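See structure below.
The values are calculated or read from the model by the stated rules, or taken from the named source; none is laboratory data. None of these values were measured; they are calculated from a predicted model. FYI the Cβ positions are ideal-geometry reconstructions off the backbone, even for glycines, and counts take in every protein chain you see. All accessible areas refer to the heavy atoms of the entire protein, side chains included, with ligands and DNA or RNA removed. Shrake-Rupley method; radii C 1.70, N 1.55, O 1.52, S 1.80 Å.
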Amino acid sequence: MSVSPASHTAQTGSLLQPSPKGQELRNRVRAFLEQHVAPAFKTFEEQVAKDRWAAPPIVDEIRAKAKAAGLWNLFLPDVSGLSVLDYAFIAEETGRYMPLGPEAFNCQAPDTGNMETIHLYGSPEQKKTWLEPLLEGKIKSCFAMTEPDVASSDATNMQCSIVQEGNQYVINGKKWWTSGAGHPLCKVAVLMGKTGDSKMPRHRQHSMILVPMDAPGVKVVRALTVFGYDDAPHGHCEVHFTNVRVPVTNMLLGEGRGFEIAQGRLGPGRIHHCMRLIGMTEKALEAMCERAAKRRPFGKRIIEQEVVQHDIAEARMALEQARLLVLKAAHMIDTVGTKKARKEIAMIKVIAPRVAVRIIDRAIQVHGGAGVCQDFFLAGMYAGARSIQIADGPDEVHLTAVAKMEIMDQLKKAKI
């Protein structure tokens, strides 16, 4: 069997491979990342350090080049013509160059999920007002769901209220971990809040609504840090909504449809997150091997230590397993739909960050003190990967979901 030398992902065999169009775009994305994105990191860091909450000019320059090259909005099948599986391979490539990789192609979270949400569930007016400028890259968005005052791992706990008064909805509540809200171009929030009363079914009490960030009563209170990183200028913010009024036409799909929308947007989004994590982790493994080959304590190179060799072997095996599972989930979304792929989607949300955290941690250990300082990318990478074990539902929630579905499948098989 011939093996493409292009990247590790080509080694997964012929069962889960991109289409010819997907492979062609993947090659072009890889070349663009190497030519334009990799050399831009130093400038990006300098510009962010100069003004943390301004839009770095270097990002606009890169995005303009990607757009001119036709490498734009690749995540959205109806725009790019790619399958979820096709884009999964591209997401892995961009994950090697976080955070600029996805940003270059207008494929950054949470904008991808928000664009997909409005594309699938938005009215013609909502699409014209918000989706079109988002797709063009003229504005950005944030997703306001998690709340500081309730256990948001159970999304039915959310208390932010959305109350209709005439031809308007009035919104009151606090949100945090509102990713993207720190960016100066963030113009709209997709907010999930409570529209129903406690007498209604729990998963019919919440709705999603579009909230302009410049609406009176919207206040970005602070930027939260992840292990000390503020992820500027993107930011993860606490945002308060106090008597915010928006037209009733800003409601997405209809009252009580919030969880329905959430399930629709989560499938492809989790593929994107997980494949970017795999790309990140491949980079960490490369760094670990390179460092271990160069450093020589106690008379021999670190890479000659059997314990480090075992770490490298475990890393390769875990990465291959994780990638195949994510690609299987992507293929299932393409072929049988998100609903029938729920178990696999929940599984990858646990497996991919778990693998990433473990491998990045071992890469840090091999680097010694250098691994936890600003001279290398590993500390920031670890912070991002570790936070994914909480973001978008903690591991425990997904493990419970997998268990319930597996038990149901097994009992059905056993006719119990």
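How big is the charge dipole of region 232-361 about its Cα centre, in debye rounded to the nearest 20, if each Lys and Arg gets +1 on its Cβ and each Asp and Glu gets -1 on its Cβ?
60
Hey, if you put +1 on the Cβ of every Lys and Arg and -1 on every Asp and Glu Cβ in region 150-297, which of G269, H183, V246 ends up farthest toward the positive end of that dipole?
The Cα lying farthest towards the positive end belongs to G269.
To the nearest 10 degrees, how steeply does helix 84-95 sit against the main Cα axis of the chain, on a 0 to 90 scale?
Helix 84-95 sits roughly 60 degrees off the main axis of the chain.
Just to check I understand the Karplus step: with θ = phi - 60° and J = 6.51 cos²θ - 1.76 cosθ + 1.60, what whole-Hz values come out for region 99-114, glycine and proline as x?
Per residue, the Karplus-derived 3J(HN,Hα) values read x, 6, x, x, 4, 4, 10, 6, 10, 8, 7, x, 4, 4, x, 5 Hz.
Please list, ordered by chain and number, the residues whose modelled amide H lies under 5 Å from the amide H of A189; skip anything fewer than 5 residues away on the same chain.
C142, V211, M213
Compute the angle between helix 306-335 and the longest alpha-carbon principal axis of the chain, please, reported from 0 to 90 degrees and rounded to the nearest 10.
That helix lies at roughly 40 degrees to the long axis.
Scan [x] 61, 51, 46; [y] 71, 59, 57; [z] 77, 64, 41 for the value of Cα extents along the principal axes in Å calculated from this model and give just the label.
So the calculated entry is the one marked [z].
What order do R30, R342, R362 take when sorted by accessible area (1.4 Å probe), most exposed first?
Values: R30 35, R342 120, R362 60 Å².
Order by accessible area, largest first: R342, R362, R30.
Can you send over the solvent-accessible area of D154, 1.4 Å probe, protein chains only, in Å² to the nearest 10?
60
Can you list the lysines whose alpha carbon is less than 19 Å from that of K339, not counting same-chain residues fewer than 8 positions off?
Within the straight-line cut-off, K339 pairs with K328, K349, K404, K412.
Ignoring ligands and nucleic acids, what accessible area does M332 show with a 1.4 Å probe (Å², nearest 10)?
Approximately 40 Å² of M332 is accessible to the 1.4 Å probe.
Positive end of the dipole of region 296-338, charges at C-beta (+1 Lys, Arg; -1 Asp, Glu), about the Cα centre: which of L325, G337, V308 has its Cα farthest in that direction?
Of the listed residues, the answer is V308.
Please say if region 14-142 is rounded, prolate or oblate, where rounded means a/c under 1.5 for a ≥ b ≥ c the square roots of the C-alpha gyration tensor eigenvalues, and otherwise the choice is prolate for a/b larger than b/c and oblate otherwise?
oblate
At a 1.4 Å probe radius, which order do T146, T225 fall into by accessible area, largest first?
From most exposed to least exposed: T225, T146.
Skipping prolines and chain starts, which residues have an amide H placed within reach, meaning under 5 Å, of the one on R257, given they are 5 or more residues away or on another chain?
The answer is M208.
Report, to the nearest whole %, how much of the accessible area of the chain belongs to carbon and sulfur atoms, 1.4 Å probe, protein only.
56
Given an 8 Å cut-off on Cα distances and at least 6 residues of separation, report the relative contact order of region 176-235 as a percent.
Value for region 176-235: 44 percent.
As a test question: what accessible area, to the nearest 10 Å², does I171 have when a 1.4 Å probe is rolled over all protein chains in place?
It works out to around 0 Å².
Once phi is turned into ³J(HN,Hα) by the Karplus curve 6.51 cos²θ - 1.76 cosθ + 1.60 with θ = phi - 60°, what whole-Hz value does each residue of region 23-32 show in order, with x for glycine and proline?
So the Karplus estimates, Gly and Pro as x, are 5, 5, 5, 4, 5, 5, 4, 4, 5, 5 Hz.
Using the heavy atoms of the protein chains alone and a 1.4 angstrom probe, what is the accessible area of the chain per residue in square angstrom? Each step should come with its number before you reach the end.
Working: 19460 Å² over 416 residues.
The answer is 47 Å² per residue.
By how many degrees, 0 to 90 and rounded to 10, does the Cα axis of helix 378-388 deviate from the longest principal axis of the chain?
40
If DNA, RNA and ligands are ignored and the probe is 1.4 Å, what is the ranking of R354, R257, R28, R265 by accessible area, most exposed first? Don't skip to the answer; put the middle values down first.
Values: R354 110, R257 65, R28 85, R265 30 Å².
Final ranking, largest accessible area leading: R354, R28, R257, R265.
Go through A68, P20, P212 and say which Cα lies farthest out towards the positive end of the charge dipole of the chain; charges sit on Cβ, +1 for Lys and Arg, -1 for Asp and Glu.
Farthest along the dipole direction, towards plus: P20.
Under the classification rounded if a/c is under 1.5, otherwise prolate if a/b is larger than b/c and oblate if not, where does region 221-272 fall, given a ≥ b ≥ c as square roots of the Cα gyration tensor eigenvalues?
oblate
Place a +1 charge on the Cβ of each Lys and Arg in region 110-236 and a -1 charge on the Cβ of each Asp and Glu, then give the dipole magnitude about the Cα centre in debye, rounded to the nearest 20.
200
Anything over 28 Å Cα to Cα? Flag those among K67/K283; K67/K175; K127/K219, in the order listed.
Too far apart for the 28 Å limit: K67/K175.
Under the rule of -39500 (n - 2.57) per DSSP H run of 4 or more residues, summed and divided by the residues of the chain, what mean residue ellipticity at 222 nm is obtained, to the nearest 500 deg cm²/dmol?
Roughly -15500 deg cm²/dmol at 222 nm, from the helical runs in the chain.
Any idea what the dipole of the chain comes to, in debye rounded to 20, about its Cα centre with Lys/Arg Cβ at +1 and Asp/Glu Cβ at -1?
600
Once a ≥ b ≥ c are taken as the square roots of the eigenvalues of the Cα gyration tensor of region 280-345, is the result rounded (a/c under 1.5), prolate (a/b larger than b/c) or oblate (a/b not larger than b/c)? Before the final figure, lay out the partial values.
Values: a/c = 6.13, a/b = 3.82, b/c = 1.60.
In terms of gyration-tensor shape, prolate.
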